[in-house]
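Data block below; observations after.
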Amino acid sequence: MKPSSPAKPSSRPALSAPQKALHKLGLTRAIDLALHLPLRYEDETRITRLADAREGETVQIEGEVVNCEVAFRPRRQLLVTLQDGTDTCALRFFNFYPSQQKALAVGARIRARGELRGGLMGWSMMHPQTRPAGGDLPKALTPIYPSVAGLPQPYLRKAVLGGLANADLSETVPPQLSASLKLKPLWTLRQALEFLHHPKPDVAMVQFEDHSHPAWQRLKAEELLAQQLSQLQSRRERDRLRAPSLNNLTGSGLQDRLLKVLPFELTRAQGRVSDEIAHDLAVPKPMHRLLQGDVGAGKTVVAALAAARCIDAGWQCALMAPTEILAEQHFRKLVAWLEPLGVRVAWLTGSQKKKERAAMLEMIASGEAGLVVGTHAVIQEQVQFQKLALAIIDEQHRFGVAQRLALRGKTLDDELEPHLLMMTATPIPRTLAMSYYADLDVSTLDELPPGRSPIVTKLVAEHRRAEVIERIRSQLALGRQVYWVCPLIEESEALDLRNATQTHAELTAALNDGQALNAQNPGISAMGQAQRAQPSPAATDVMVGLLHSRMPAADKKAVMSLFVQGQMGVLVSTTVIEVGVDVPNATLMVIEHAERFGLSQLHQLRGRVGRGSAASACVLLYATGEGPRLSESARERLKAMAQTHDGFEIARRDLDIRGPGEFLGARQSGAAMLRFADLGVDADLLAWARATAPLMLDKYPEAAARHVERWLGGRTDFLKA
């Protein structure tokens, strides 16, 4: 047997634990370290006498250890008494090592920094930082950096110092352009960074906390400029690509015929946006447009008109939605509108039977299917389009960059890019559109179709649950239907929230004279995931269904079918019904533990009712009692829901409460979020960056490339989707 050859040594030395931690934080380049700014600062530049100290202050004291012992009451602790010549202070350590006890032996002279507490026994500090006394005091505040496990502050401080020393911090913004910033004084990048890493103690801390100091302003302006440059570069690169020109229509007048068979008139906003999209589709370069509109604004019909134009020009269109429920809603509407006009619509989901799926794949590959509607299944490898010219992505923030690129890559012509229309029911605040979506054209549906009933929103404490159930009874008696949304599927020990299965059982019993109904719906598994009343002369029998993401697709479809047809009175659900469900007869939405939901999610859920002419209401049940009190952000969310129904105002408040992540989803792949700039307060800096980016790209392209590389590195792939 031939002996195995020894493993070849790696050409790269193994990384130490702190080096791995640096990489985990994304600190791989010298400039990354230089731009890794402190979370806060500690003032070790002065010694405070105990006689001059005030309770509650965080101070640094210096003195001699006059007592050091391990005490056992009330619990084991190291108790050290420090005398500074003006008073004494007890230092308490509940977790300590023998080496620490040795360093704090009687007679040692040390410095201790911590929060000073008073009491009957005099001054004390709990777990203060300690070090030997002596040596010069630092001249600047001590930075405390964002870190992870395995990366101690001393190591990180040394690494950042190295980054500052080795990074290229030369100016990339030409003086002619930076002068228009109107910052006084105008700090260079190096001055700003060196100051922010090691500020003098006489600077007002509020300027660090609110980022209003000129050094902070310089960094925020540069960061916004890098973002605008990268977005503009992406737009210009895309403008050089070719796409099908959907201007040579077959003469069948598919758009006009569709408009005639629609059971409603387009709103002015729908007409305007449809014209904007038609103009883009006629141009032989890829459309990259975001269609935003409030819940119920009519985005689906705009998508249908765009698809009709594409199909009328002899090409195929694909529409992809994040959930099967939403995709099926689109499919039903589009089939009803387009198939009578001679358009074949294919349906693709992961839950399809093999035979049905094969038939759909053949329709798509042959070009027989003018429109393809589905979930992620649309972008699977075996799906081949004959002539894909338009890709429509609904709820675009739920798809990752790779998924959107995969859909765009379905065209067989390597020289042509499909047009891309992305839709969102989460209105985007203006500053967000100006920054993160600057590479897109944005169309806005800013009016609702006529006939939509207003939705009354009520905040109701959990202890009034019985009143809510009575309200449900009254709606059912009128022949209406009700949603009840829960945040969890099953019991959780971590969160004391009512779960969907428990709520379903309780409502089934409460709405059917206290008798739980055990018969199963057709197509529902025998696990009791949804229950219905058998035909009975008792008028009180109510069918209560259960819907959640863990159910088999066939069961979900059966439950939704019963609810859509009006046979089911109450649907208990998790957030799978957040978007896409359209049941005009549903007039009451109850959201349990509403404080646990995001603001845009609450707004989406509320939009499931009020879709007909009957008066509708949304009840937000929030927790009370012995559990944790509502957080300030939860209060703000509930308050906003009660005060306004305007999706754009909701979006603005959500941006203030949660930041941009709620709106962006996977668009940024977590890589290019703004670290320093705040869109809520830096609108003037954003305006400067937007105005400066095209000038810099046109007149100083090399400086622009260096600037983007400095701030974003290789993290601009998200702009391709």
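If you take all other residues with their beta carbon under 12 Å from the beta carbon of Phe676, and give Lys and Arg +1 and Asp and Glu -1, the sum is -1.
Decide, for region 109-208, between rounded, prolate and oblate: order the square roots of the alpha carbon gyration tensor eigenvalues as a ≥ b ≥ c, take rounded if a/c falls under 1.5, and otherwise choose prolate if a/b is larger than b/c, else oblate. Prolate, because a/c is 1.5 or more and a/b exceeds b/c.
Bridging of Lys353 to lysines at a Cα separation below 27 Å is possible for Lys333, Lys387, Lys410, Lys556, Lys557, once same-chain residues fewer than 8 apart are set aside. The slack between Asp582 and Glu209, meaning 0.36 nm per residue of separation minus the straight C-alpha distance, is 129.7 nm. The residues of region 26-147 present an accessible area of 55 Å² per residue when probed at 1.4 Å with all protein chains retained. The charge dipole of the chain, taken about the Cα centre with unit charges on the Cβ atoms of Lys, Arg (+1) and Asp, Glu (-1), comes to about 1160 debye, rounded to the nearest 20.
When the helices of the chain are scored as -39500 (n - 2.57) per DSSP H run of n ≥ 4 and the total is divided over every residue, the value at 222 nm lands at -10500 deg cm²/dmol.
Between Glu64 and Leu161, the C-beta separation translates, for a Förster distance of 22 Å, into a calculated FRET efficiency of about 0.10. At a Cβ-Cβ separation cutoff of 4.7 angstrom, cysteine residues of the chain with no neighbouring cysteine are Cys68, Cys89, Cys486, Cys618. Beta bridges per DSSP, both residues in region 19-156: antiparallel share near 90 percent.
Span-like helix check, the chain: no full DSSP H segment qualifies, none having both a Cα axial length of 27 Å or more and a mean Kyte-Doolittle of 1.0 or more. In percent, what relative contact order does the chain have, based on Cα pairs under 8 Å that are 6 or more apart in sequence? Relative CO of the chain lands at 13 percent. Rounded to the nearest whole Hz, the Karplus-based 3J(HN,Hα) values (6.51 cos²θ - 1.76 cosθ + 1.60, θ = phi - 60°) of region 443-450 follow the sequence 10, 10, 8, 10, 8, 9, x, x, with x at glycine and proline. The HN-Hα couplings worked out from phi for region 129-135 by the Karplus form 6.51 cos²θ - 1.76 cosθ + 1.60 (θ = phi - 60°) are 7, 10, 7, x, 6, x, x Hz, whole numbers, x standing for Gly and Pro.
In this structure the amide hydrogen of Arg40, modeled in the peptide plane, comes within under 5 Å of the amide hydrogens of Ile144, none closer than 5 places in sequence on its chain. Largest first, the residues Glu328, Glu209, Glu381 sort by 1.4 Å accessible area into Glu381, Glu209, Glu328. Annotation: amide H-H contacts under 5 Å for Val590 (H modelled 1.01 Å from N, sequence separation of 5 or more, or interchain): Tyr483, Trp484, Val485, Val619. Site-free segments of the chain were taken between chymotrypsin sites (Phe, Trp or Tyr not before Pro) in DSSP loops having at most 13 other Cβ atoms within 10 Å, sites themselves excluded; the longest one is 265-721.
The values are calculated or read from the model by the stated rules, or taken from the named source; none is laboratory data. What you see is a predicted model; the values in this text were computed from it and never measured. Here the Cβ is made from the backbone with ideal geometry for all residues, glycine too, and neighbour counts use every protein chain on show. Ligands, DNA and RNA are excluded from the accessible area calculation, which covers all protein heavy atoms including side chains. Shrake-Rupley method; radii C 1.70, N 1.55, O 1.52, S 1.80 Å.
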